[in-house]
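Asker: Got a structure for you, questions after.
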Amino acid sequence: MYMKTRAVRRPRRPWERAARRLEKTLHSVLPGRQPRRNVRAGEPLRVLMPRGLSSLARESGIGAAMRHQETAVLSLGHRVVTNPLRPFDVVHLNTPFPDTPLIARWARVWRRPVLMWAHSTEDDFRDSFPGANALAPTFRRWIAHLYRRGDAVVTPSEYSRELIAAPKYGISAPVHVLSNGVDTTFFRPDPSARARLRESLGLPEDATVVLSVGMQLVRKGILDWVEVARRLPEVTFVWYGRTDERLLTADVQRALATAPANALFPGYVSAEQLRESYCGADAFCFLTKEETEGIVLWEALACEVPALVRAIPLYRDRMPDGVLTHQVAGDGPGFAGDVAAHLSALLAGELKDLTAAGRRAAQDVDLGQVARDLQEIYRVTGVRPHRRTRTLSADAGGATARALPPRAAGDARPDAVR
């Protein structure tokens, strides 16, 4: 004889019914969640690059990297969407601002892949703004939280990949190395720029000019740079770039206030002016203490200006001393004197000419190659077109839907100093 058994029913939680209803509503309200049907081969992707708070990074290296990404996307024939309320197939997130995790969550709702760019690390946050060293561990936990929101993480160098691969970042998603790149058709040698640069700065035609570019931070080496300028009064030192005075540390404010007369700070300039300066300078002196790549160095090498840099791990490995750049190691009281001695030798022509090798290396990370590598990242991440929608216009709903013919990366010009 069989006994009737009663199945044990799991208590239904009150929120489960609401969650199912929400999921059903999302499927009907957001039809773009499903893959496109009958998609033609080579159908362009809609790449979301949200503006939002990213405009705050416009004058930084992250801002330059975002412009380079947009150029690469367009050169592949894809479309750039700036409004997250418009349909998109993949999202690029670059900034460590509070809206980044919100947009990542929104992409999850739409079931779209998230590519998270790891431009920053705990190491390069140090020696930046007032209180940065004390906040560095907290900043690392925040960016690690952001990077873990990505289906894939993209970082500009093997060095930075090694840093974020540390257990303290807790990243389990695939990490790809993709250079931020340089537009070598825009940044190219121009001997005629020498006279124009000196005229714009009010200098005599035979003046010796040494250039540096970046935000005015301790990490960027501005304290050592000012001291080198003090030791070489016969050379004009020009620093392009600026930082809000409220974000300057006390020692940087003091260095700027007491800088010698041969140290000039023109501030933020256009890309055209920056290119003129690279091409017209006698040397590029970049004394940064920490970088994940450093776009400005690639730009300088593309313009065939002799480069002297601090021998940080990234540059020792990627741009070896005596091969692509000349380097000076150290960070103590004698560092500025060593730099001044090496710089004097470089300006006197006593060091090996590496400009041609630097130009070839910059061409290896041209935006055209970056675009091809980005397309491969799309492929391995599973990025694909979704359900067809009507063609976007350039101003529809705040979206940007521009397209360039393949390999038109060189036609788009960057517009800011990093």
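No value in this document is a laboratory result; all are computed from the given coordinates. For clarity, every value in this text was computed on a predicted model and none was experimentally measured. FYI the Cβ positions are ideal-geometry reconstructions off the backbone, even for glycines, and counts take in every protein chain you see.
Asker: Apply the Karplus curve 6.51 cos²θ - 1.76 cosθ + 1.60, θ = phi - 60°, to the phi angles in region 270-286 and return the couplings in whole Hz, x for Gly and Pro.
Answerer: 6, 4, 5, 5, 5, 4, 4, 5, 4, 6, x, 7, 8, 7, 10, 10, 10
Asker: Which value, in debye to the nearest 20, gives the size of the charge dipole of region 193-364 about its Cα centre, when Lys and Arg are +1 and Asp and Glu are -1 at the Cβ?
Answerer: Roughly 180 debye, rounded to the nearest 20.
Asker: How many angstrom lie between the C-alpha centres of region 359-380 and region 138-179?
Answerer: Here the two parts' Cα centres lie 20 Å apart.
Asker: Counting DSSP beta bridges with both partners in region 193-364, what percentage is antiparallel, nearest 5?
Answerer: 0
Asker: Oh, and also: Pairs of alpha-carbon atoms within less than 8 angstrom and 6+ residues apart define the contacts here; what relative contact order does region 242-320 have, in percent?
Answerer: In percent, rounded to a whole number, it is 26.
Asker: Over region 193-364, calculate the relative contact order: mean separation of alpha carbon pairs under 8 Å at least 6 apart, over the residue count, as a percent.
Answerer: 23
Asker: Using the Cα atoms of region 193-364 to build a convex hull, what is its mean projected area in square nanometres?
Answerer: Value for region 193-364: 9.3 nm².
Asker: Just how far, in whole angstrom, is region 182-198 from region 252-309 if you go by their alpha carbon centroids?
Answerer: Measuring centre to centre over Cα atoms gives 14 Å.
Asker: Let me ask something else about it. Amide H of residue 77 versus every other amide H placed in the peptide plane: which residues, excluding those fewer than 5 positions away on the same chain, fall under 5 Å?
Answerer: Long-range HN contacts for residue 77: 404.
Asker: Please give the FRET efficiency for residue 273 paired with residue 168, using the beta carbon to beta carbon distance and R0 = 35 Å, rounded to the nearest 0.05.
Answerer: After rounding, the FRET efficiency stands at 0.30.
Asker: Which FRET efficiency, nearest 0.05, do residue 350 and residue 254 yield, Cβ-Cβ r, R0 25 Å?
Answerer: Once the sixth-power term is evaluated, E becomes 0.15.
Asker: Once phi is turned into θ = phi - 60°, what whole-Hz ³J(HN,Hα) does the Karplus curve with 6.51, -1.76 and 1.60 give for every residue of region 67-79, x standing for Gly and Pro?
Answerer: Listing the rounded values in order: 5, 5, 4, 4, 4, 5, 4, 5, 5, 7, x, 7, 10 Hz.
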